[in-house]
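Take a look at the structure set out below.
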């Protein structure tokens, strides 16, 4: 990281008067909802009360493998219980920046679960069904996420319309939204059908936006349990949104590889060049405005004319990693809504994620400004 990094300084300048500009916009973000437990695997407990944790996934894997044919026990320490789901985490992060928004999803029934209640003061909540649950087992080098998501099947077109008093209410919701994010397709079995109904019944009737282009962010989430045919069909439907929105598809590195595999494409490597090539290839196939690929230590985005890479403020020992990608998406979208260049959007994305993994909280605009100053000066930690 160079001292006086010009991209970080440009991103910082992009946040000038952001509070006033964001207040004029409206967002709709959904449609999932999880209650997350953040766990660590206990390594040893000593008589003086000291607890150490298994540091890496590889080390835990060795111990699990060694238990084959014998059985064993692992103690989980609950670090935190928090709101989860790609939609609610992204919504919470954008609400912390001051974007007025509605968060829609299976947040609990008939009222949102207690973990979502703190959001109620910053944004509007609309719940469609019971929440799903995830146990996120975190390590220094990554996380293992164990999900129970049967409730996600109750997120469908009918429950969406019922939550807003019918089709007219859904139309009004999307009419008012300058920014829409539809997240976690992989966990929502009826999401493709919802996309089709939106394109057939809502999008053609959208009123012209007074704030310019309407923007849509799509995050498929990890599709490893989905069939390639379902994934290809979802991407075909996603392309239909380009008639109505400026569309961004957000992916992490693993998800980008899985999408390429679904199309029958393979790219060698896993470095910066691979991510840039993957972003370009997927954007060309889908016809969306931009494809963003974020890795642990950097991020890139592909448009028809550019594919920049921005290094992240990597944290060797993150305080939390669950939700880091959703915070990246929130920071990227923040700068995009403020008219940022592609590099500025990437910089705000990695900075938002970098702040979050160090503090386990979503940054405010002032927090993000302060962190960008530290990045620009070459001292993010």
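Mind checking Rg over Rh on segment 1-155, alpha carbons, Kirkwood formula for Rh? Before the final figure, lay out the partial values.
Details: Rg = 20.3 Å, Rh = 18.4 Å.
Rounded to two decimals, Rg/Rh equals 1.10.
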*Alpha-carbon Debye profile of the chain, log10 I(q)/I(0) at 0.06, 0.09, 0.10, 0.12 Å⁻¹*: -0.22, -0.50, -0.63, -0.92
*Just report the Cα centroid separation between segment 152-199 and segment 77-123, whole Å.*
17 Å
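Per residue, how much space in cubic angstrom lies within the convex hull of the C-alpha atoms of segment 234-381?
Working: hull volume 16.9 nm³, N = 148.
Per residue, the Cα convex hull of segment 234-381 comes to 114 Å³.
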*Could you please rank 333, 47, 77, placing first whichever residue has the fewest other Cβ atoms within 10 Å of its Cβ?*
47, 77, 333
*Express in nm, to one decimal, how much length is gained between residue 224 and residue 297 on full extension, taking 0.36 nm for each residue of separation and deducting their alpha carbon distance.*
24.0 nm
*How many angstrom lie between the C-alpha centres of segment 42-71 and segment 8-22?*
45 Å
_Rounded Å value of the spacing that divides the Cα centres of segment 225-294 and segment 343-363_ = 23 Å
*Go ahead and set up a Gaussian network model of the chain, Cα springs under 10 Å, then flag whichever of 293, 41, 310 fluctuates most.*
41
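Looking at the square roots a ≥ b ≥ c of the eigenvalues of the Cα gyration tensor of segment 202-261, which shape do they give, rounded for a/c under 1.5, prolate if a/b is larger than b/c, or oblate?
Numbers: a/c = 3.63, a/b = 2.08, b/c = 1.74.
In terms of gyration-tensor shape, prolate.
Every read-out reported here was derived from the displayed coordinates using simple, explicitly stated rules and does not represent laboratory data. Everything numeric in this text was worked out from a predicted model, so none of it was measured. Neighbour counts run over all protein chains shown; Cβ positions are idealised from the backbone, glycine included.
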